[in-house]
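The values are calculated or read from the model by the stated rules, or taken from the named source; none is laboratory data. Since we're looking at a predicted model, the values are computed, not measured. Positions of Cβ are generated from backbone atoms using ideal geometry, with glycine treated the same way; all protein chains shown enter the neighbour counts. For accessibility, only protein heavy atoms count, side chains too; no ligands or nucleic acids. Shrake-Rupley method; radii C 1.70, N 1.55, O 1.52, S 1.80 Å.
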Amino acid sequence: VDVFQAWCGPCKPVVNLFQKIRNEVGSNLLHFAVADVDSIDALEKYRGKCEPVFLFYTGGELVAVVRGADAPLLQKTILKHL
């Protein structure tokens, strides 16, 4: 989940990375979503940050958090949890 604030929007460059990985591993294994922290109370702790935050869930459980648009780290995290 790409967690963003309305004033800066979701991290568009990372969408391409997720699409590339999703094509490689299969669409049933990887799902990408965006969430506006200003409209979801459970994400309140991520408000006021100017860096993108990516939350990784497996089976409904939060398994990893990556701060910043670090493509190699994001790819490593995705593949680790698949």
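For every other residue with a beta carbon closer than 11 angstrom to the beta carbon of Phe54, add +1 if it is Lys or Arg and -1 if Asp or Glu, then tell me the sum.
Net of charged neighbours comes to -2.
Between the helical axis of 12-25 and the dominant principal axis of the chain, each derived from Cα atoms, what acute angle in degrees is found, rounded to the nearest 10?
Taking Cα atoms only, the helix is inclined about 30 degrees.
Run through the DSSP bridge list for the chain and note the antiparallel percent, rounded to the nearest 5.
Antiparallel bridges make up about 75 percent of those DSSP assigns within the chain.
List, in the order given, every pair from Lys20/Lys76; Lys12/Lys80; Lys49/Lys76 whose Cα-Cα distance in the structure shown is over 19 Å.
Exceeds cut-off: Lys12/Lys80; Lys49/Lys76.
Counting other C-beta atoms within 10 Å, and keeping those with at most 12, which DSSP coil trypsin sites (Lys or Arg not before Pro) do you find in region 36-82?
Arg47
Roughly how many Å² is the accessible area per residue of region 2-69, as a whole number, for a 1.4 Å probe?
I get 63 Å² per residue for this part.
What are the chymotrypsin sites (Phe, Trp or Tyr not before Pro) within the chain that DSSP puts in a loop, where the Cβ has at most 14 other Cβ atoms within 10 Å?
Those satisfying the criteria are Trp7.
Please give me the summed charge of the neighbours of Ala64: other residues whose Cβ is under 14 Å from its Cβ, Lys and Arg +1, Asp and Glu -1.
0
What is the percent of Cα-Cα separations in the chain that go past 16 Å?
Of all Cα-Cα pairs in the chain, 49 percent lie more than 16 Å apart.
With each label point set 7 Å from Cα along the Cα-Cβ vector, what nm distance links Trp7 and Leu55?
Taking the two extended label points, one gets 2.1 nm.
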